[in-house]
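Working notes, structure below.
The values are calculated or read from the model by the stated rules, or taken from the named source; none is laboratory data. Being a predicted model, the structure only gives us computed values, none of them experimental. So basically every Cβ, Gly included, is an ideal-geometry build from the backbone, and we count neighbours across all protein chains shown.
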């Protein structure tokens with residue numbers, strides 16, 4: 001496998017439209033696989049394309065149809081498993097995604113759980129109960145659910161995970177999300193969340209200059225993550241998972257990803 005500091009390096013499949021030929025062209029042999037296409041009618045065809053690509057799946061990912069990322073306020077209202085009116089449908093999506101992840105013999109399933117509630121005790125209790133139920137089901141299938149960073153501070157996420165203390169719950173660390181959402185320094189966050197970090201997105205960003213609005217995603221190594229320090233922090237924390245390059249903007253995603261993969265291959269700690 002393509003290696004960086006002994007870590008496998010792959011690509012998030014959705015960054016390249018789940019085009020597995022393009023993903024392989026990026027110079028990797030691993031993929032963080034979007035699982036939603038497999039829940040559609042052409043699921044068997046989708047998995048056939050994955051198998052044909054011979055890409056190793058380091059983790060799967062599920063997202064939710066109601067999520068609205070147009071503004072910070074809209075995603076706070078619609079994100080993850082928080083919205084009550086979508087819960088039962090989303091519950092079934094996650095349960096099926098767990099089953100498919102297990103069938104693929106993949107250990108990790110990542111997703112955005114939604115904003116962690118810190119002000120309303122009843123809502124906080126509901127999110128804990130939903131997370132525990134899903135983690136219980138994941139554990140029954142030998143799958144670990146990974147909460148993606150960004151929509152809360154590292155301390156808030158750490159407190160949430162410690163409260164649950166669940167063996168089938170971990171973290172997919174996306175450093176750019178912390179900057180995009182204005183939730184702290186990702187290098188410092190690795191020190192806080194290190195014991196739970198099982199998978200990592202390689203993505204960079206610039207902070208917003210207008211409070212209450214999104215920051216902007218940029219090519220890895222050109223933003224405010226501080227790429228070298230971040231990778232060094234992962235090494236110091238004993239990270240033993242995989243890196244997946246994620247690029248959600250730009251006019252030449254494949255070119256950007258190729259350059260990042262090359263950068264990671266040649267990284268010296």
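General remarks:
- Of residues in segment 1-51 being assigned to a loop (DSSP other than H, G, I, E, B) and free of Cβ contacts under 8 Å to residues at least 24 places away in the same chain, the one nearest to residue 261 (Cα to Cα): 6
- Residue within segment 42-59 that is under 17 Å from residue 112 (Cα atoms), surrounded by fewer than 20 Cβ atoms within 10 Å (Cβ to Cβ) and more than 17 Å from the chain's Cα centre (by Cα) present: no
Residue-by-condition table, conditions (1) at pLDDT below 95; (2) surrounded by fewer than 16 Cβ atoms within 10 Å (Cβ to Cβ):
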position: 113; (1), (2): no, no
position: 117; (1), (2): yes, no
position: 121; (1), (2): yes, yes
position: 140; (1), (2): no, yes
position: 144; (1), (2): no, no
position: 157; (1), (2): no, no
position: 165; (1), (2): no, yes
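- Selected residue (criterion: surrounded by the most Cβ atoms within 10 Å (Cβ to Cβ)) from residues of segment 249-269 that are modelled with pLDDT under 95 and under 17 Å from residue 186 (Cβ atoms): 264
- Matching entry among 76, 105 (being outside any helix (DSSP H, G or I) and either touching a strand residue (DSSP E or B) at 6+ places or on another chain (Cβ under 9 Å) or modelled with pLDDT under 95 (or both)): 105
- Positions within segment 167-183 being farther than 21 Å from residue 73 by Cβ and either surrounded by fewer than 16 Cβ atoms within 10 Å (Cβ to Cβ) or modelled with pLDDT under 95 (or both), in sequence order: 167
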